Amino acid sequence: RPKFAEALTLARETGNKQSEASNQIHLAELLYLQGDLPGTTRALQSADSLLQDSGDKRHHLYALYSWGDLLSAKDDLPGARKKIEEALDTANQIGAKDLIAYSRVALGNVTIQEGRPSEVVPLLQGAFNEFREEKSPDFEIQALNTLADALLQAGKTSEAATAVRDANALLGQVQDPLTRLDMTILSARTKAALGSPADALRPLQSASAEAHRRGAVGGEFGARLAMGEIEVASGSRKLGQSHLRQLQKDAQSRGFLLTARKAGVALDTRH
C-alpha cells in the first residue's frame, strides 16, 4: 500500500495520467482484498476520472472488473452485471481474446450469485478452453473454479468434483496464495456435498486463519461462510449458527452485504 502511494505521487508529479490511473486500479484491487470497500470506491472513482476521454480501453476494462467485484460484494448484482457486460462489450471491441474469456468468467460469477448457475456452464467451459489454448494456468484455475461452483450449485456434484480435481492439478503452476485459498474453499464445499463434512471443515479452518493472517478479508469471510453452512447442514447446527451470526455481523459492518445475506439465508431454519 505505501508503494502504491509512492507510485501515485510520482505519476502526479510527472503528469502521467495513464500511470496514475493504472496505480489507482491496482490500489483499488489491494483495498478490496483488505476489505476497505469505501477506499476501493474512491480509488476506482479516481481511475474513472483519469481515464475519461483517454481512449485507454484496456485500463478501462480493468477498472470495470474491479467495479464488478466491488458491487457484487455490496450485493448490488444488477450494478455488477452492468459493469461486467460493459467490460465484455469493450473486450470484443478491441478483439482481446483473453479479456473476452475473463469477462465471461466474471459474468458467470455474477449469474451464479443471481441464482442461475445452470445458465453459465457452457459460457464457462468456453472460457476455460480459451485459457487452456493460451497456456494461462492461473486463469484456467479461475475458470474451473467458477465452473465447479456453478455445477455444485446446480446439483451436479460429480461434475463439480471433476472440475475441482482439474483445477487442483494446475495449482503447482501458480504462485498466488489467494488462488490456492479460493480452491481450498471450493474443494471443501465439494467434499461436504459428496458426504464428507468432517474432511471439509479442517482445511476451511486453516484457510480462514491464513486469510486472516494475510489480511485478506473477503477470503476470510468466504472460508467462514463455507464453514458455517457446512456445520449447519451436517449436524453441528448450534455451532454453525453461532459462527454464521458472528459472520453476518462482521460482514455487515465491513459492507460485504452479499456475504451477510448468504449467512442470513443459511441461518434461516427453512434451509
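Here are some notes:
- Subset of the stretch 81-99 (residues that are of a type in the set (Gly, Ala, Ser) and assigned to a helix (DSSP H, G or I)): Ala87, Ala91
- The single condition from (1) in contact with a Gly (Cβ under 6 Å, 6 or more places away or on another chain); (2) modelled with pLDDT of 95 or more; (3) not charged (D, E, K, R) that Val120 fails is (2).
- Residue that is within 23 Å of Asn109 (Cα to Cα) and open to solvent by 50 Å² or more (accessible area, probe 1.4 Å), where the choices are Asp76, Asp36, Asp53: Asp76
- Conditions (1) modelled with pLDDT under 95; (2) open to solvent by 50 Å² or more (accessible area, probe 1.4 Å); (3) part of a helix (DSSP H, G or I): number failed by Arg165: (1)
- Elements of type helices (runs of 4 or more DSSP H) in the stretch 1-69, at least 1 residues being closer than 18 Å to Ala87 by Cα and under 20 Å from the mean Cα position of the chain (by Cα): 17-33, 37-51
- Within the stretch 206-244, the set of residues being open to solvent by 50 Å² or more (accessible area, probe 1.4 Å), modelled with pLDDT under 95 and hydrophobic (A, V, I, L, M, F, W, C) comprises Ala233, Leu239.
- Flag for Thr259 being of a type in the set (Val, Ile, Thr) and open to solvent by less than 10 Å² (accessible area, probe 1.4 Å): no
Quick grid of which residues meet (1) touching a helix residue (DSSP H, G or I) at 6+ places or on another chain (Cβ under 6 Å); (2) of a type in the set (Val, Ile, Thr); (3) over 21 Å from Leu181 (Cα atoms):
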| site | (1), (2), (3) |
| --- | --- |
| Arg214 | no, no, no |
| Val217 | no, yes, no |
| Leu247 | yes, no, no |
| Arg254 | no, no, no |
| Thr259 | yes, yes, no |
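- Residue within the stretch 153-160 that is open to solvent by less than 30 Å² (accessible area, probe 1.4 Å) and under 21 Å from Leu70 (Cα atoms) present: no
- Filter result for Ser187 (buried (at least 21 other Cβ atoms within 10 Å of the Cβ) and assigned to a helix (DSSP H, G or I)): yes
- Single residue of Ser54, Ser66 found to be among the polar types (S, T, N, Q), farther than 30 Å from Gln248 by Cβ and touching a helix residue (DSSP H, G or I) at 6+ places or on another chain (Cβ under 8 Å): Ser54
- Subset tally (residues that are more than 25 Å from Leu70 (Cβ to Cβ) and assigned to a helix (DSSP H, G or I)) for the stretch 205-251: 15
- Test for Ser208: is it touching an Asp or Glu at 6+ places or on another chain (Cβ under 9 Å), of a type in the set (S, T, N, Q) and farther than 28 Å from Pro122 by Cα: yes
- Here Ala200 meets the list (1) open to solvent by 60 Å² or more (accessible area, probe 1.4 Å); (2) at pLDDT below 95; (3) under 21 Å from Gln246 (Cα atoms) almost entirely, failing just condition (1).
- Of all residues in the stretch 245-271, those being modelled with pLDDT of 95 or more and among the acidic types (Asp, Glu) number 1.
- Of the residues making up the stretch 144-162, those that are in a helix (DSSP H, G or I) and either in contact (Cβ under 8 Å) with a residue 60 or more places away in the chain or not polar (S, T, N, Q) (or both) are Leu144, Leu147, Ala148, Asp149, Ala150, Leu151, Leu152, Glu159, Ala160, Ala161.
The values are calculated or read from the model by the stated rules, or taken from the named source; none is laboratory data. As the structure is a prediction and not an experimental result, all values here were calculated from the model. FYI the Cβ positions are ideal-geometry reconstructions off the backbone, even for glycines, and counts take in every protein chain you see. These area figures cover heavy atoms from the full protein model, side chains too; ligands, DNA and RNA do not enter into them. Shrake-Rupley method; radii C 1.70, N 1.55, O 1.52, S 1.80 Å.
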